[in-house]
Every structure is written in structure tokens, then in C-alpha cells.
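S.K.: Encoded as C-alpha cells, here's the structure I'll be asking about.
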Amino acid sequence: MTKGLASILIRGLLIIAATLRIFKPQARGKGASDSEARNQKQRSAYSIGWLLPESFAGFFGHVTWLQVVVLCILLAYLLIFSLVGIVYETWVTPARGYTSLYNRRTGICGFSDRVEAIAYALTPLTVAPSTRESILSLITGIPYQSFNFLHRWCGRIIFIQSVIHTAGWYLIEARYYQPQPTAWKKFIAQLYVIWGVIALIFITFLYVFSSRSVLRLTGYESFRKAHYVVAMLYIGACRGHWNQLACWIIASLGIWGLGRGIRLLRNLLIHVGHADGSTGRGFHPAQPSLKYFDDKDGGVVRLDFEHKQNPWAVGQHFFLCFPALTIWQSHPLTTASLPTSNSDIVHHTYISLALNQAAKLFPKEGTAATPNTTPVILTGPYGVPLISNSSNIEPTNIPTTAGGTGVSLTLPIVLADILSPAVGGTVIEFIWTNLNIQIIVTQGAGASASTSSLPRITNKNENNASEIDADMKTYLLSPICSSLIDISHTNRTRVIASGPAGMGHDLRSAVAQCNYASRVLKGERTWDVDL
């Protein structure tokens, strides 16, 4: 019964999400004022105002109220169906073959089995959000990064359920059933129980080594490799423990294998099958030129190369693997260059901080003037397009802000918007804060792409970090919300940002405060602000 209810619920939610995505009302251009579109925008403004800010960041991390609400709904469902339908009474019966010993039979038995069944049913839901090629992203349109929160908490819930299931059956077999220790020794010697103990050891390892404190000690790469291996061992141990629930284990393995197969196929589509000069056909990694820019924080690397492939959408990113370092690690990097649709040869530009291992790619004399090269394997693109190429799109103000290498996301968006023929009458603002320099480029509502204002560059004292942080917060909360609402009373606003987690925390709160559902319903699109 529990398996069927869990399956029906999960499938029903996915069908609803897919239906809402397909039949979601779309804006009908600048002149759209019908009640259906305004009602939809009102609901959007209301939900952003309440669900966008972060909640309990010290406990959950940098997640929004929406993610916390989804988790609470899941927890409520699990709690209800873990407890209902069980008779909570105690029956005392004589132990077989003994006149002075008695067995105690309680509702703990049914409760422990119920918790185990739900833990098995949660396993596919835990595996699905852990892969980049997530079917949940395809159905809902939500980027796979947003599902990492669900993956982590589903794993923690399974760990808690496993402990409860084990504790319940230990109490039954080691305390309630008689005679002891004969009953316990007979129970623990069974093969399926041994597999259950092994599965508990594996899930405990996954829980402990996923904590922040242990992750800081071991490093992300060690955690990642161990997580993959132990997770597969845990799934195998679950199959050995209770074969009657193998349907959920098979589904979990299928989801994991499908994700890895799609990833391999995407690699092959990018790197295999095209002619490459004298080398002919075959697997051809990209060959970027690497330029290293040194600074006190470890330096920055710029990668440039051209590759034969279909263009990506602005705002999407690729995972880059550097075989010269390791074939077991890929780095998510946003493409800082604009995709070209008029040629099958596209130019890639990436900007990344130079981590410790990156020093192996550069000789000691390597500088920006003497670029190096190294093979790179691409996987992607990932993420949803952040701008639309439709000529019927509603005019939207685009303020962007970036910190450090986050400019890789915002710069292409600003350039694409400025070059767009539909840019007239909108405000485009580009803010980049990088150490002791802030660059601000603003194109007003009455300007065209050819008359955009020149950047204003402000130099800051390198030793005055507090001044930089204060100015950065000012630019986040003032130009993005207040000044844009004062400048334009006709267009909606979409904020795009990339930077440290603290920036995201401030932005979510600021954007949520700029949404007024009642005014949006009246047609005042300036109070429709999105992030």
C-alpha cells in the first residue's frame, strides 16, 4: 500500500509540474493587458515576494523559502504515511516451548517495516536529483543545481529511517522475543539481516562523510569519489537485504545509468565524428590557449578556443575536464563569449580562478603574454537560457551584478541584450565588483545600443575591504531595485547576478521586497521583479 501511494504521489506531482510548464500562460508582448496574463503575473509576484528570500540559512544553507516549503510538504507526507494504519497495542503471548517466558508483540513491528518501505521508495527520488542529466529538470524546467537541496535532505531522511528501522527490529528481536540470547543470535545470523547491517554501515558512511566538517577535512574530490562508490554499494546491499522491494532499487540503478549514458553521449556528440585536419575522424578534445593572470589571491586563468559544435544559449554552462590534471574531475564554467549561430565553428571563452592543481598546467615562466595549451573535454551545455530570442517578448529591464569571475555569466547577457533589436525602451545595467575595482555600465531607457554610456571605473584602496563590501551591498540593494523602479514605470525587471553566496542572500531579500502583487494586477509592470 505504501509503495503504491508513494509511486502515485511522485508521478502525480511530476505530471502536474509538466502540465503547468507546458500550458503556462505566456506574455503577449508589450501591449499585453488581458486579465489572464495579469492574473498570472500577480501570482508570480506574490510567490516571489514570499518564497524567494532565504530561510534558516544557518541550518539549511543558502536555500529559498520555496525549497524549505517543498521539504516540509515531503516531511509531512512521510510522517503521516509512516504512522497511519498501524495498531498501536501490546500483546503478550507465551514463548514456544517455555511456560515462564513470554513474547511481547507491539505496533513497533509494523512501524519499522513501514519506515523501511518508504526509505526504499525514496531512493529513486534521491538518485534522480544527483545527476546533471536529471529527468526532474527536463520535466519541471528547474536547473539541476536547485535539486541538490532535495538530494541532500532525502539522503538524510533515508539515514534517519534506516536507524529507526534497525532500532525497532533490535528492540523486537533482542528484547521482546524470548528466550534471549537464543532468539537474537538466530535472528542476526540470517543472510538478509547481515545485508541490512551492511547497508546501515554504508548509509552511515554517506551521512557522516557528507557533513560540512568532514568535507572540509577530506576535500571535495575525495568526497565525490567515495560518495559514488559507497552509494552503489549501499544500493546493492539494499537489494540483498529485502528483495521484495527490489523495484525501487532497480529504478534507482536505471536512473543513475541513464544519466551516465546521456552524459557519455553528449561527450561523444561534441568530440567525435567531425574532421579535424590531418588527424581525421575520431575523438578530438578541444585545445584551448590558457593565459594566466597573477594576483595575490592565487591568479586567474582565461581559456580561449574554437570548436565545431552547435551553439549554446546565453547563460548556459559547460563542464570542463582537464585530462592533464585528472580525468575524474570536471569543473562547471559559464561561457563568457556570445554563441554564434551563423557558423558551425563556435568560440569559447572561460574565466576561472587558478586553484592549486591548476599550477601544473603552467610553467614557471607562463604569463598572460606566453599562453599555454592543454586538452579539454567538454560536457554540456547545461542550464536554461536566460534570455529569449523572440521578437514578441515583453520589454524587460535587465540589471546585472557580478563579483569576480561571476562576470562570465552577466557579461554575455548584457552584450546580447544590447545587440538585441528589442532593446529600445529598456534599462540595461552592468555592475562588476572585483577586488579594488568597480565597473558600472548603464544604458538608459531612451538610449540605443550605439549610444550607451561609457563605463564608470572607480578605484578602491586594496587594504580597505570594508569599504568595498559596503559599496557592493549598496549597489546590490539600490540600483537593482530602487533606482530602476524610479527610472522606468512601464517595464518589468529581471535581475541577473553571479557571485558569492552572501550576494545571493542580499539579492533574494531585495528582489522579494520589490514585488507588489496588487499593483501588478492593476497593470503596473514596474513592480514585477524577478531574479
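S.K.: Using amide H atoms built in the peptide plane, which far-off residues or other-chain residues are under 5 Å from Ile428 H to H?
M.R.: Ile398, Gln443
S.K.: I've got another one for you. What does the charge count around Gly219 come to, taking other residues whose C-beta lies under 15 Å from its C-beta (Lys +1, Arg +1, Asp -1, Glu -1)? Don't skip to the answer; put the middle values down first.
M.R.: Details: positive: Arg212, Arg216, Arg224, Lys225; negative: Glu221.
Taking every other residue near Gly219 into account, the sum is +3.
S.K.: Here's something else I'd like to know. Over the range 51-111, what relative contact order in percent results from Cα pairs under 8 Å that are six or more residues apart?
M.R.: The value is 22 percent.
S.K.: Additional query: Do any GluC sites (Glu not before Pro) in the range 88-184 lie in a DSSP loop with no more than 14 other beta carbon atoms within 10 Å, and if so, which?
M.R.: Counting only loop positions with at most 14 other Cβ atoms within 10 Å, the GluC sites (Glu not before Pro) in the range 88-184 are Glu89.
S.K.: Here's something else I'd like to know. What number comes out for the charge environment of Ser162, summing +1 per Lys or Arg and -1 per Asp or Glu over other residues with Cβ under 11 Å away?
M.R.: Local net charge: 0.
S.K.: Follow-up. When Lys and Arg each count +1 and Asp and Glu each count -1, what net charge do the other residues less than 15 Å away from Glu133, Cβ to Cβ, add up to? Walk me through the intermediate numbers first.
M.R.: On the way: positive: Arg132, Arg260, Arg263, Arg266; negative: none.
Net of charged neighbours comes to +4.
S.K.: Two decimals is fine: what's Rg over Rh for the range 98-139, C-alpha atoms, Kirkwood radius as Rh?
M.R.: The Rg/Rh ratio comes out at 1.44.
S.K.: Please give the solvent-accessible surface of His227 in Å², to the nearest 10, using a probe radius of 1.4 Å with every protein chain present.
M.R.: 50 Å²
S.K.: Still on this model: Using modelled amide H (1.01 Å from N, peptide plane; none on Pro or chain starts), what sits under 5 Å from the amide H of His331, excluding residues fewer than 5 places away?
M.R.: Amide H neighbours of His331: Leu320, Cys321.
The values are calculated or read from the model by the stated rules, or taken from the named source; none is laboratory data. All values derive from a computational prediction rather than experimental measurement. Ideal geometry is used to build each Cβ from the backbone, glycine not excepted, and the neighbour counts take in all protein chains shown. Ligands, DNA and RNA are excluded from the accessible area calculation, which covers all protein heavy atoms including side chains. Shrake-Rupley method; radii C 1.70, N 1.55, O 1.52, S 1.80 Å.
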